[in-house]
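The values are calculated or read from the model by the stated rules, or taken from the named source; none is laboratory data. Note that the structure is a prediction, hence the values are computed from the model and not measured. All Cβ positions, glycine included, derive from the backbone under ideal geometry; neighbour counts span all protein chains shown.
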Amino acid sequence: MTRRVVLVVMFLVGFFCQAQAAESPEELFNRAVAAGEAGELDVAIELFNRAESLDPENSAIFNNRGVVHAKKKELEMAIQDFEKSLALDSSNAGAYNNRGMVLQEQGKLREAMRDYNKALQVDPEHILALYRRASLLLSHGYQKEAFADLSEILRIDPRQVKPHIIIGKVYLTEASADKALKELTSALNKDPKNVEALIGLGDANFLKGRFKKSVEDYSEALKFERYPAVLINRCSAYARLGEWDSALEDCKQGLELDPGNAEGYYNLGNCFAALEKQKEAIEAFSKAVEIDSKRSHFYYNRGLCLKKIDEDPLAIQDFDRVLELEPNNADALNNRGSLFWTAGDRQKAAEDFRRAISAQNQHLQAHKNLAAVFIAEKRTDDAIAVLENALKFAPKDPDVLINLGNAWTDREKFDKAVSLYKKALERAASPDQKARIHLQTGVALERSGSPSKALQSYTKALETVEDQALKQELNDKINSLKPR
């Protein structure tokens, strides 16, 4: 009985020894690859080491072990393995591509490009090398060459979706919405559930001003996952549609998922501002500034809110900060100028309005404001020059026409003034604006020696006027011209 037990034990030991000895390099290699794909990187390295000990001349073992080292961020060890692989087989395109990827990660871009080129010399249809080379070319501004590589990928495998997405994103950065739409639509035709393509399509439709369609695209993408950036983008689209409650909800959800998103707080501030909740808006813009103090539009919009609640000194500080970051920001100059004007500092106001016009020569409000300063200082000729310039690019603006008419009235050029008032009347936006234009026309006619025509103009003004103070002024004018 003892002898039979011994024999069985010896047989089992022999069986296991034979099984272990029978494990081939190919089996170890396949197990190592599977472990690497499963994220078991240390197990994969151990298995590749065992495979190497049995087959030290196998290029594929070193190449694949290098990939695992790269995943572990052991970049120098990865390069050593790729070089061993290439020493054994200089036609291994995958090893060239993989070494290029590691070199690119190390910032050695020339060497990386050289490896991608070598990979494609060995195998012109190596899709991964084409992708990597295209990415590197794009990062250095070689768009034409990168697009050629991406087009080659589509020629090799028309089912590929990624080239369309990459090209579409490039067009988005260039604000070429139509071209982006074409590429991203192609991507979705091949893969209708591709989230990246859906998000890109939403961005492209936003650029085109198709905000409703943009919301639909972002909503489709959000069915797959609640991406904070997509929620923030959909918030912007809702805002453009004037759907402020939906915009506000998206911003809040986006910020719950990504509380460090400065643009999210900026959008949140815009939502509150649109809802006339200025204090909440200021808090949101302040949070955006706290996260990223280098973005001028955060300060600018906070400045606008501070201006609305009459916190003029703080608003000026914000516009100052905008101008530190963007010295030629015409809107900031114009708004700061208007605050100086309110504070009674005409000199500083005029200087800011001039700078705004210099930075943006068709800035209409800055022209109007500068003309108002000149009129207040009785510099009528200077006001006329500014308003005539504004009239060149805004010939139908009623305020410009009215103010220019007033200036010519001061210069006793009554025919010119009445002609301008007539044009302004055609474009008046409200009953009271029409009434005021009739009033100014009447003043010009009265001063020109035509009291009967002036009386007609004042009477017409009474037909449309709603403002009580303006109505009283008109009645006074009419009574002063009636025969006693």
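So which of Gly168, Gly141 is small (Gly, Ala, Ser) and under 24 Å from Phe206 (Cβ atoms)?
Going through Gly168, Gly141 in turn, the sole match is Gly168.
Can you list the helices (runs of 4 or more DSSP H) lying wholly within the range 373-484 that have 3 or more residues being of a type in the set (A, V, I, L, M, F, W, C) and more than 30 Å from Phe340 (Cβ to Cβ)? Step through it out loud before you land on a result.
Numbers: elements: 380-393, 398-410, 414-426, 431-447, 451-464, 468-481.
Those helices (runs of 4 or more DSSP H) span 414-426, 431-447, 451-464, 468-481.
Suppose we keep only residues that are of a type in the set (S, T, N, Q) and buried (at least 16 other Cβ atoms within 10 Å of the Cβ) within the range 457-484. Which one would you say is modelled with the highest pLDDT?
Going through the qualifying residues, I end up with Ser457.
Val161 - would you say it is under 21 Å from the mean Cα position of the chain (by Cα) and surrounded by fewer than 20 Cβ atoms within 10 Å (Cβ to Cβ)?
no
Limited to the range 273-296, what total is found for residues that are part of a helix (DSSP H, G or I) and either touching a helix residue (DSSP H, G or I) at 6+ places or on another chain (Cβ under 7 Å) or within 14 Å of Asn261 (Cα to Cα) (or both)?
The qualifying residues number 15.
For the range 114-143, how many residues are buried (at least 20 other Cβ atoms within 10 Å of the Cβ) and among the acidic types (Asp, Glu)?
1
Search the range 451-470 for residues that are within 13 Å of Thr441 (Cα to Cα) and pair each with any residue that is outside any helix (DSSP H, G or I) and among the hydroxyl-bearing types (Ser, Thr, Tyr) when their beta-carbon atoms are under 9 Å apart and the residues are at least 6 apart or on different chains.
Close Cβ pairs satisfying both conditions: Ala454/Ser448.
Say whether the condition of being in contact with an Asp or Glu (Cβ under 6 Å, 6 or more places away or on another chain) and under 30 Å from Glu463 (Cα atoms) is met by at least one residue in the range 416-439. Please lay out each step first, then the result.
In the first step, residues of the range 416-439 are kept if they are in contact with an Asp or Glu (Cβ under 6 Å, 6 or more places away or on another chain); the result is 431-432.
Okay, now just the ones that are also under 30 Å from Glu463 (Cα atoms), so 431-432.
Within the range 416-439, one or more residues are in contact with an Asp or Glu (Cβ under 6 Å, 6 or more places away or on another chain) and under 30 Å from Glu463 (Cα atoms).
Which helices (runs of 4 or more DSSP H) does the range 34-139 wholly contain that include 3 or more residues that are on the phi < 0 side of the Ramachandran plot and under 42 Å from the mean Cα position of the chain (by Cα)? Working first, answer last.
Values: elements: 41-54, 59-71, 75-88, 93-105, 109-122, 127-139.
Ranges flagged: 59-71, 75-88, 93-105, 109-122, 127-139.
Quick one: Lys169 ticks every box in (1) closer than 17 Å to Ala237 by Cβ; (2) modelled with pLDDT of 95 or more bar one, so which box is it?
Lys169 satisfies every listed condition except (1).
Identify the single condition in (1) among the charged types (D, E, K, R); (2) buried (at least 21 other Cβ atoms within 10 Å of the Cβ); (3) at pLDDT below 95 that Asp352 does not satisfy, given that it satisfies every other one.
Looking at each condition in turn, Asp352 falls short on (3).
Of the residues Ile282, Ile291, which is surrounded by 16 or more Cβ atoms within 10 Å (Cβ to Cβ), over 19 Å from the mean Cα position of the chain (by Cα), of a type outside the set (Asp, Glu) and farther than 22 Å from Ala237 by Cβ?
Values: Ile291 fails: over 19 Å from the mean Cα position of the chain (by Cα).
Unique residue meeting the criteria: Ile282.
Every residue, every condition in (1) buried (at least 17 other Cβ atoms within 10 Å of the Cβ); (2) at pLDDT 95 or above; (3) assigned to a helix (DSSP H, G or I); (4) in contact with a helix residue (DSSP H, G or I) (Cβ under 6 Å, 6 or more places away or on another chain), yes or no:
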| residue | (1), (2), (3), (4) |
| --- | --- |
| Lys179 | no, yes, yes, yes |
| Glu183 | yes, yes, yes, yes |
| Ile199 | yes, yes, yes, yes |
| Asn205 | yes, yes, yes, yes |
| Lys212 | no, yes, yes, no |
| Val215 | yes, yes, yes, yes |
| Ala237 | yes, yes, yes, yes |
| Glu256 | no, yes, yes, no |
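Residues Asp191, Asp178: which one is among the acidic types (Asp, Glu) and within 24 Å of Leu241 (Cβ to Cβ)?
Asp178
May I ask you to verify whether Asp89 is more than 20 Å from Ser59 (Cα to Cα) and of a type in the set (Asp, Glu)? It would help to see each step written out before you state the result.
Working: more than 20 Å from Ser59 (Cα to Cα): no; of a type in the set (Asp, Glu): yes.
Spelling it out, it is not the case that Asp89 is more than 20 Å from Ser59 (Cα to Cα) and of a type in the set (Asp, Glu).
Which of the residues belonging to the range 215-229 are in contact (Cβ under 8 Å) with a residue 24 or more places away in the chain, out of contact with any Asp or Glu (no Cβ under 7 Å at 6 or more places or on another chain) and more than 14 Å from Leu188 (Cα to Cα)?
Of all residues in the range 215-229, those in contact (Cβ under 8 Å) with a residue 24 or more places away in the chain come to 215, 221, 224-229.
Checking the rest, the ones that are also out of contact with any Asp or Glu (no Cβ under 7 Å at 6 or more places or on another chain) come to 215, 221, 224-227, 229.
Listed by number, the residues that qualify are Val215, Phe224, Glu225, Arg226, Tyr227, Ala229.
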